[in-house]
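In what follows, a single structure is set out as structure tokens and then discussed.
Just so it is clear, none of the values below were taken in a lab; they were calculated from the coordinates. Everything numeric in this text was worked out from a predicted model, so none of it was measured.
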Amino acid sequence: MENLGNALAFGLGAIGPAFGLAIVGSKTIESMARQPEMAGRLQTTMFIALGMIEAIALLGFVLAFVL
């Protein structure tokens, strides 16, 4: 039963960051298509945002083991 709780905590904790990663990636690609001259700057900003979103997913992973 404890393993089920861990799996549920990690699964629910991963859904939000997954949607966040998808939205940030798609909007960055859309922005690069609209303004190709800003592609380098947008890509740098995207990677910073993706790192922060991944940190949230890792916190959910750690929380699943702490519980």
_Crossing angle, helix 39-66 versus the chain [Cα axis fit, 0-90 degrees, rounded to tens]_ = 0
*asked:* Relative contact order for the chain: what percent, with Cα pairs under 8 Å and sequence separation of 6 or more?
replied: 57
*Take the chain, compute every pairwise Cα distance, and split them into 10 Å bins from 0; I just need the percent in each bin.*
21, 37, 23, 14, 5, 0
